[in-house]
Amino acid sequence: MMFVDPTSRAVVANQADAEGRLRKRDGVYVGTLPPSENVANTATRWAGVRWTMIRWPLPDDPRERARLMAHELWHRIQDELDLPASNPANRHLDTLEGRLWLQLEWRALAAALRSQGEQRRSAVADAVFFRRYRYSLFPDAQREERLLEVHEGLAEYTGVAAGTRNAAEAVELALANLSSAPQHPTFVRSFSYATGPALGLLLDAADPGWRKRISARSDLGALLARAYRIEPADDFVTKAKQRAAAYGFETLQAAEGKRERDRQARLSRYRSRLVDGPTLRIPLFRMNVQFNPQTLVPLGESGTVYPTLRITDVWGVLTVDDGALLTKDWSTVYVAAPRNTTGETIEGSGWRLVLKPGWTIRPRGDAGDYLLARE
């Protein structure tokens, strides 16, 4: 494990690296992370070692510190568990209906965590019906949510379960995640940080052996329904709509209607800057990326807008603070057209690109677009 100060890039690690970049001092290993590496809470390979990287300083709250470290430790070993990383778009969770029925599910999961016996089972059934109804609205929803819940949901569940002293504390932390989740600007990636711990703890209570059977193809929602004997129902749409009122459906719907109008205006701005152009097209080869998962904005088939972003690749370092468009296959990133096209540092509205030798900016077509290419 390594702790990294993002300002000074100073590293403190608990073991040596494989290339001699760290030196032993007072029982730990210290050094400096080069600018070519991003600083983030993540699992990463550097200097011949796969590390758990944690940004310094750590959270003040002891439980939050333990949760964060356990979450990222899980990511370091997830490939060994045959639970590979996956980054599906989950664009439906930035729509009015997707967000509405997800938040209803969150409220039902919170009710389940607060209760026991038949009351818990009833709340779990509500959560399952809300989830099934959401899946019925969006063809790719079940597959994409399942993938991210295995990738990030299980990591966050591990952080909550391993970072607390007992079951009551774990439930308290999971409830805090569910309570804070609606405040995130978007849900497309952050949703699993709320559902993962809730689903995992409810499964622990009903089916303690579920973790031994987990695989990359597992569906945590389906496991929950099975554990609580919630049978598939042809009338799940009716059941979902009937139960929605008990969880504040009308108030949520009004709030999401306003957000949807604001979202459409934001999408129009991003589409004008990053799709209709003029733009700079930057190919991705072996990128290392740092971003805020709580702020991503899906832009249809064009890809996803990352309001803030830092990418390192063979061509240099791209830093974005006002939106970049990453294609669905993660092969290309687009930013607004550059102000200058020569020199080591290229800049445009809301971004800065520091190039390595051998790379240049070239015109692309005759509409003011540009392309990053080898010289």
Fill in: Globularity ratio of the chain, using Cα Rg and 2.2 N^0.38 Å
1.07
Practice prompt. Place a +1 charge on the Cβ of each Lys and Arg in segment 58-190 and a -1 charge on the Cβ of each Asp and Glu, then give the dipole magnitude about the Cα centre in debye, rounded to the nearest 20.
Written response: 380
Worksheet item: So how strong a dipole does the chain carry about its Cα centre when Lys and Arg Cβ are +1 and Asp and Glu Cβ are -1, to the nearest 20 debye?
Response: 120
Discussion item. For 149, 144, 375, which order do you get if you count the other beta carbons within 10 Å of each Cβ and list the fewest first?
Written reply: 375, 144, 149
Worksheet, complete the sentence: Any DSSP H helix in the chain with Cα axial reach of 18 Å or more and mean Kyte-Doolittle score of at least 1.0? Listed by number, the hits are 191-206
Worksheet item: Net charge near residue 28, counting Lys/Arg +1 and Asp/Glu -1 over other residues with Cβ under 15 Å of its Cβ?
Response: +1
Practice prompt. Give a quick list of GluC sites (Glu not before Pro) in segment 268-363 that DSSP marks as loop, anything other than H, G, I, E or B, with at most 12 other Cβ atoms within 10 Å.
Written response: 344
Worksheet entry | Footprinting exposure proxy for 217, 50 (fewest neighbouring C-beta atoms within 10 Å first) | 217, 50
Discussion item. Could you work out how much longer the chain between residue 24 and residue 250 gets when fully extended? Use 0.36 nm per residue separation minus the Cα distance between them, nm to one decimal.
Written reply: 75.3 nm
Fill in: Cut-off 9 Å between beta-carbons: net charge of the residues surrounding residue 223, Lys and Arg +1, Asp and Glu -1
0
Discussion item. Can you tell me, using C-alpha contacts under 8 Å and at least 6 residues apart, the relative contact order of segment 91-247 as a whole percent?
Written reply: 31
Worksheet item: Just going by the charge dipole of the chain, with Lys and Arg at +1 and Asp and Glu at -1 on Cβ, which of 224, 302, 199 is farthest out on the positive end?
Response: 302
Worksheet item: Using θ = phi - 60° and the Karplus form 6.51 cos²θ - 1.76 cosθ + 1.60, what ³J(HN,Hα) does each residue of segment 312-326 get, whole Hz, x for Gly and Pro?
Response: 10, 8, 4, 8, x, 10, 10, 10, 10, 10, 8, x, 9, 9, 9
Worksheet item: Which order do 282, 54 fall in if you start with the one that has the fewest other Cβ atoms within 10 Å?
Response: 54, 282
Worksheet entry | Span per principal axis, largest first, for the Cα atoms of segment 270-347 (Å) | 34, 26, 20
Discussion item. Using the basic label-point model (7 angstrom from Cα toward the beta carbon), what is the residue 321 to residue 122 distance in nanometres?
Written reply: 5.3
Worksheet item: When only Cα pairs under 8 Å and 6 or more residues apart are kept, what is the percent relative contact order across the chain?
Response: 13
Worksheet item: Given charges of +1 on the Cβ of Lys and Arg and -1 on the Cβ of Asp and Glu, with all other atoms neutral, how large is the dipole of segment 202-241 about its Cα centre, in debye to the nearest 20?
Response: 180
Fill in: Helix-only mean residue ellipticity at 222 nm for the chain, each DSSP H run of n ≥ 4 adding -39500 (n - 2.57), per residue, nearest 500
-12500 deg cm²/dmol
Item to complete: Treat each spin label as a single point 7 Å out from the Cα along the C-beta direction, and report the residue 36 to residue 56 distance in nm.
Response: 2.3
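If I take R0 = 51 Å and measure r between the Cβ atoms of residue 235 and residue 9 in this structure, what FRET efficiency does the formula 1/(1 + (r/R0)^6) give, to the nearest 0.05?
Given R0 = 51 Å and the Cβ-Cβ separation, E is 0.30.
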Discussion item. For a quick check of your reading of the filter: which trypsin sites (Lys or Arg not before Pro) in segment 220-297 sit in a DSSP loop and have no more than 10 other Cβ atoms within 10 Å?
Written reply: 229, 286
Worksheet item: trypsin sites (Lys or Arg not before Pro) within segment 142-214: which are DSSP loop residues with at most 11 other Cβ atoms inside 10 Å?
Response: 165
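Quick one: length gained pulling residue 81 to residue 115 fully straight, 0.36 nm per residue minus the C-alpha distance?
Once the chain is fully extended between residue 81 and residue 115, it gains 9.0 nm.
What does the extension gain come out to for residue 219 and residue 262, with contour length at 0.36 nm per residue minus their alpha carbon separation?
Between residue 219 and residue 262, full extension yields 12.2 nm more.
The numbers here are math on the coordinates, done by the rules we state, and not lab data. Note that this is a predicted model, so its numbers are computed, not measured. Note that each Cβ is placed from the backbone with ideal geometry, even for glycine, and that neighbours are counted across all protein chains shown.
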